[in-house]
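What follows is a single structure, written as structure tokens, with notes after it.
The values are calculated or read from the model by the stated rules, or taken from the named source; none is laboratory data. Because the structure is a prediction, the values reported are computed rather than measured. Here Cβ is always computed from backbone atoms with ideal geometry, including for glycine, and neighbour counts include all displayed protein chains. Keep in mind that these areas ignore ligands, DNA and RNA; they rest on the heavy atoms of the full protein, side chains included. Shrake-Rupley method; radii C 1.70, N 1.55, O 1.52, S 1.80 Å.
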Amino acid sequence: MVNGFIAARARFLYDDSSMSASRAAKTAEQPGHGSPVPFPHRHLLGIEGLSAQDIEILLNRSDYYVDLNRAVEKKQTSLRGRTIINLFFENSTRTRTSFELAGKRLGADVINMSVATSSVKKGETLIDTAITLNAMHPDLLVVRHQDSGAVALLAQKVGCGVINGGDGSHEHPTQALLDALTIRRRKGRLEGLSVAICGDILHSRVARSNIHLLNTMGARVRLIAPPTLLPAYADRLGVEVFHDMRKGLTDVDIVMMLRLQMERFHGSFVPSTREYFHFYGLDYEKLGFAKSDALIMHPGPMNRGIEIDTEVADDIHRSVIHEQVEMGVAVRMACLELLAQHLPNWRGTTPAGT
Ligand code: NCD
């Protein structure tokens, strides 16, 4: 359930002014810090509030890590001696695993805390958990929480850098970055591309982060969904809205499918999953309206036969779903490293080419 109060506080916090550009520059001037720190944020709470330049910095550094991850020797040392805690209040496979891999490949110690085994089950509040973990001096916290705004609230209570691993229906910044990296590497650019985001927009933090990112980078966004699965403010997001898949998909470069997030349904949003697939499921017939080289994307986990036909999902020429997972590790390495530059005693080198 979206917590309105927390969401309002979160909006207030998006512009992460706790580390201003001038302070970041000062930090960079200290001996051993290399050239000026290019990423002027101490936390990554959302895409909203990031500039096109911030996004470019993150994507450029991610490109570097894609190459590194494809090499035999993947281990780096820039986060050696640092502690990262993955604090996941919601289930996750790929996000948690890829943050863990990313931290380890950078040489950090990574601890995974899932709520199933934590004191949250004994009634501890989010803030008490955060303060307890903070006392153990982590350097970076990656947090996923079911309430929109909860991660931003937590970031106010701790002394370390915080990355939002997905908060309620609000934002999932590293997912949007990995989607952008996948698109940019395939199409050579983001600007001017036509991207259709289809399905359960209402409950999707992936959609919200992608809308912010794609708009900031000059892509054209279309949302395709039944009226029940669109937020009331959809027409104020700087996007085109369609209720008909065939019309919405016409001539798009990218088809981004979303999972029907039934765990967030409070009431009836679709008559049946069969009917939903008939009107909004991606099959070859509907895909035929997109450009012939349009890419098929999905953040996972997929519901085959509900939002996407299984053959379309596995299409080796068009589907980049596995590539998205690969890009996820690289993006998370870049995010961890660029935020770590704001930690006291940063001794790594400032990345070249960012
Ligand atoms: C997404 C999420 O958790 O928001 N998944 C992910 O991070 N790979 C999308 C979803 O759960 O449908």
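Worth a mention:
- Magnitude of the charge dipole, the range 125-183, Cβ model with Lys/Arg +1 and Asp/Glu -1, debye to 20: 100
- Positive contributions from Lys and Arg (+1) and negative ones from Asp and Glu (-1), summed over other residues with Cβ under 13 Å from the Cβ of N91, come out at +3.
- The solvent-accessible area of S292, taken with every protein chain present and a 1.4 Å probe, is close to 100 Å².
- Ranked packing of 232-239, 61-68, 127-134, 150-157, most packed first, by mean Cβ within 10 Å: 150-157, 61-68, 127-134, 232-239
- Counting Lys and Arg as +1 and Asp and Glu as -1 over every other residue whose Cβ lies under 14 Å from the Cβ of L213, the net charge comes to -1.
- Placing +1 on the Cβ of every Lys and Arg and -1 on the Cβ of every Asp and Glu, with nothing else charged, gives the range 149-222 a dipole about its Cα centre of roughly 340 debye.
- Within straight-line cross-link reach of K157, aspartates and glutamates at Cα separation under 13 Å, skipping those fewer than 8 residues along the same chain: D128
- Rounded, prolate or oblate (a/c below 1.5 giving rounded, otherwise prolate when a/b exceeds b/c) for the range 39-94 by Cα gyration tensor: oblate
- Virtual spin-label span in nm between S114 and R264, 7 Å along Cα→Cβ: 2.1
- Two-site FRET efficiency, N345 against S51, from Cβ-Cβ distance with R₀ of 30 Å, rounded to 0.05: 0.60
- Once the Cα gyration tensor of the range 215-296 is diagonalised, semi-axes √(5λ) in Å: 22, 18, 10
- Cβ crowding within 10 Å averaged over residues, with 217-230, 306-319 ranked highest first: 217-230, 306-319
- Summarising the label geometry, the points placed 7 Å from Cα in the beta-carbon direction at E285 and E73 lie 5.6 nm from one another.
- Here the contact order of the range 197-334, divided by its residue count and restricted to Cα pairs under 8 Å and six or more residues apart, works out to 24 percent.
- Given +1 at the Cβ of Lys and Arg, -1 at the Cβ of Asp and Glu and no other charges, the dipole of the range 195-354 around its Cα centre is 560 debye to the nearest 20.
- Relative packing of peptides 174-180, 43-49, 338-344 - highest average C-beta neighbours within 10 Å first: 174-180, 43-49, 338-344
- Mean projected area (nm²) of the alpha-carbon convex hull when the range 188-338 is viewed from all directions: 9.2
- Applied to the range 161-172, the Karplus parametrisation 6.51 cos²θ - 1.76 cosθ + 1.60 on θ = phi - 60° returns per-residue 3J(HN,Hα) values of x, 10, 10, 7, x, x, 10, x, 9, 8, 9, 8 Hz, with x for Gly and Pro.
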